1. Under 8 Å between Cβ atoms, which residue pairs at least 6 apart in sequence (or on different chains) link something in region B:193-213 that is within 30 Å of residue A:167 (Cβ to Cβ) with a partner that is in a loop (DSSP other than H, G, I, E, B) and of a type in the set (Val, Ile, Thr)?
2. Here's a check for you: in region A:188-202, which residue that is out of contact with any Gly (no Cβ under 7 Å at 6 or more places or on another chain) and more than 14 Å from chain B (Cβ to nearest Cβ) is surrounded by the fewest Cβ atoms within 10 Å (Cβ to Cβ)?
3. Only one residue in A:124, A:90 is over 20 Å from the mean Cα position of the chain (by Cα) and more than 14 Å from chain B (Cβ to nearest Cβ). Which one?
4. Tell me yes or no: at least one residue of region B:161-177 is assigned to a helix (DSSP H, G or I) and not assigned by TED's automatic domain parsing to the domain that holds residue B:73.
5. Hey, could you check region A:137-159 for residues that are facing chain B (nearest Cβ under 7 Å), aliphatic (A, V, I, L, M) and surrounded by fewer than 23 Cβ atoms within 10 Å (Cβ to Cβ) and say which is nearest to residue B:174 (Cα to Cα)?
6. Of all residues in region B:160-187, count the ones that are touching a residue at least 60 places away in the same chain (Cβ under 8 Å), within 7 Å of another protein chain (Cβ to nearest Cβ) and either among the β-branched types (Val, Ile, Thr) or more than 14 Å from residue B:67 (Cβ to Cβ) (or both).
7. Any idea which residue in region B:246-274 is surrounded by the most Cβ atoms within 10 Å (Cβ to Cβ), counting only those that are under 22 Å from residue A:156 (Cβ atoms) and in contact with a helix residue (DSSP H, G or I) (Cβ under 6 Å, 6 or more places away or on another chain)?
8. In a helix (DSSP H, G or I), closer than 22 Å to residue A:58 by Cβ and in contact (Cβ under 8 Å) with a residue 12 or more places away in the chain, is that true of residue A:229?
There are 2 protein chains.
Amino acid sequence: MQASRVYSFPVMADWSKRLAGIKGLVLDISGVLYDSGGEGGGVPIPGSIEAVKKIKSSGLKLRFCTNETQATRDKFVEKLQRLGFDIVVDEVTAPAPAACRILKERNLRPHLLVHDDVIPEFADINKADPNCVVIGDAADNFSYKNLNDAFQVLIGLENPVLLSLGKGRYYKETDGLKLDVGVYMKALEYACDIQAEVVGKPAKMFFQSALTEMDIEPHQAIMIGDDIVNDVGGAQRCGMTALQVRTGKYRPCDEQHPEVKADGYVNNLAEAVDVILKQLDK
Amino acid sequence: MQASRVYSFPVMADWSKRLAGIKGLVLDISGVLYDSGGEGGGVPIPGSIEAVKKIKSSGLKLRFCTNETQATRDKFVEKLQRLGFDIVVDEVTAPAPAACRILKERNLRPHLLVHDDVIPEFADINKADPNCVVIGDAADNFSYKNLNDAFQVLIGLENPVLLSLGKGRYYKETDGLKLDVGVYMKALEYACDIQAEVVGKPAKMFFQSALTEMDIEPHQAIMIGDDIVNDVGGAQRCGMTALQVRTGKYRPCDEQHPEVKADGYVNNLAEAVDVILKQLDK
C-alpha cells in the first residue's frame with residue numbers, strides 16, 4: 001500500500017475495483033466541506049461547494065455525517081448554506097438527535113455539558129435529578145467549574161453513565177487546532193474510572209443510521225473524512241470504503257497510523273469526487 | 001486480608017510484625033492533616049495537629065510528602081502553620097522543586113499550565129520558546145483556552161514532553177470532591193497521543209527522595225495517606241509499608257481496589273499514630 005500515499009495511478013486502480021457497486025457517499029463536514037472558526041463561522045475548502053453540487057447531479061445518494069455539537073442541526077445547516085453549500089437539515093446525521101433517542105429509550109435524565117447553542121436539541125428531554133452526563137464539544141464551556149460539576153454528578157451515581165457526542169481528539173479552526181470532546185471524555189473517564197458510551201462517529205451504529213437513511217448497504221457507500229480514526233476507521237469497521245482528505249485536521253503522519261489505513265488518500269473533496277465520478281462514468 | 005477492613009486486633013497484629021525496624025513516617029498532607037478549601041484555606045482533621053506533635057516527640061523521623069501544587073512550598077507551609085501544625089518548609093517534599101531539577105538537568109523550557117500561586121517556584125527557569133509543557137493542579141486555570149494553549153505547544157513539538165506534577169484523579173475540599181491534575185494529564189495524553197512523565201506521587205523517585213532526606217531505607221518507613229493509588233500504591237512499590245486513612249478523599253470502595261491493598265486501614269492519622277507509637281513502645 002506504499003504507493004497509495006501518493007495520489008497516482010495505482011491508487012485509482014485500487015479504488016476502481018471498489019467503485020463498481022457504489023450507490024452513495026457519506027461526507028464528513030468540518031475539515032472536508034469547510035474549516036470552522038473566525039468571523040463568518042468558517043471558510044469553505046476550495047472546490048468543496050462545487051463538489052457537493054456534482055455529487056447531487058450525478059445521481060449518487062448523499063448523506064452528511066458529522067460529530068458537530070456546537071450548534072443545533074438547524075443552525076449548523078443554515079451556516080453551511082450561508083457559506084454556499086447545497087445542503088438541507090434532513091441530509092445530516094448528527095450526534096445530538098441520536099443521543100436524545102438513547103436518553104428516551106433508557107429513561108436517562110442528563111446533566112448536560114455541551115455548547116450553549118446545542119442545548120435546544122435537548123429541549124424535550126427531562127433533565128431533573130440527573131442520572132447520567134452527556135458531553136459534547138462544549139468549547140469555552142469546558143471550564144474547570146463545569147467539568148467539575150459533571151464529575152460530581154457522575155461520582156455520586158451508583159452506576160455512572162457518560163454519553164459522549166463523539167470522541168475526537170481535536171479539530172481545525174481557521175486559527176489553529178482546537179481540543180475536541182474526546183479529550184474531555186477521557187478526562188471524566190479517568191476521574192471516575194469508567195468507560196464512556198460514544199454517540200456519533202466512530203460508533204458503528206451511527207454510521208449504520210446514516211446508511212439506513214440512504215437505504216443502501218455498507219459496501220455500496222464511500223465515506224470521505226479528514227479524521228483517520230473517527231471517519232476512516234469508523235466507516236471501515238462498518239464495512240464501508242473510506243478515503244482520507246488531506247484537508248482539515250489531516251496530518252502527514254496519519255498515513256502511517258498504526259491501526260487505521262485508509263482505502264485511499266486524496267488532496268481534497270473535489271479531487272475525491274472527480275475520481276469517483278470519472279470511474280463511475282466508465 | 002478480609003479482617004483488615006475492620007480496625008481490629010488482627011490488623012494490629014499485622015502491623016506489629018512490620019513495626020520492629022521502623023525509623024520514620026512519611027505523611028501525605030491534604031486529606032490526612034487537613035481538608036483544603038473554604039475561607040481559611042482549610043480545616044484540620046480532628047486529632048491531626050496533636051498526632052504530628054506526638055510523632056515529633058517520639059524520636060521517629062518525619063517527612064511530609066505532598067502533590068500540592070496550588071501554592072509555593074513557602075505559602076503552603078505558612079497556611080498549615082496558621083492552622084496549628086508544627087511543620088517547616090524543609091520537612092516537605094513537593095513536586096514543583098523536583099520538576100525544576102528535571103527541567104534544568106534536561107535543558108527543558110516549560111510552557112506552564114499551573115496554579116498562579118505556584119508560578120514563583122519556576123522563577124529562575126527559562127520559559128522562552130518552550131520545548132515542553134508542565135502541568136500542575138491549576139484548578140480554575142484549567143480553562144478551555146489554557147488547556148488548548150498547552151495542547152498547541154505539545155502538538156507543535158517533534159518530541160512532545162509533558163511533565164505532570166502528580167496524577168491524582170480528585171481531592172477533597174471542604175465543599176466537595178475536586179478534579180485533580182491527573183485528569184488534565186490524561187486529557188493532554190489523549191489529545192497528543194503521548195505519555196506524560198509524572199513528577200510527584202506515585203513516582204518511585206519522588207518517594208525515594210523523601211527517604212533520602214530522612215536518611216532511612218524504604219523498609220524502615222511507613223507512608224500514611226488518603227489516596228489508595230498515589231499514596232499507598234506508590235509507597236508500596238517503593239518498598240515501604242503504607243496505611244490508608246479513612247479521611248480526605250477516602251471512599252469505602254478503596255478497600256476493594258482491584259490493584260492496591262493497603263497494609264492497614266485506620267480511621268484517621270491520630271489513630272494510626274497511636275497504634276504505631278504503642279507498638280514501638282513495647
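The values are calculated or read from the model by the stated rules, or taken from the named source; none is laboratory data. Not measured: the values here are computed from a predicted model. Glycine also receives a Cβ, built like all others from the backbone with ideal geometry; neighbour counts cover every protein chain displayed.
1. B:197/B:161; B:200/B:69
2. Among residues in region A:188-202 that are out of contact with any Gly (no Cβ under 7 Å at 6 or more places or on another chain) and more than 14 Å from chain B (Cβ to nearest Cβ), the one surrounded by the fewest Cβ atoms within 10 Å (Cβ to Cβ) is A:197.
3. The match here is A:124.
4. No: region B:161-177 contains no residue that is assigned to a helix (DSSP H, G or I) and not assigned by TED's automatic domain parsing to the domain that holds residue B:73.
5. A:155
6. So the answer is 1.
7. B:254
8. no
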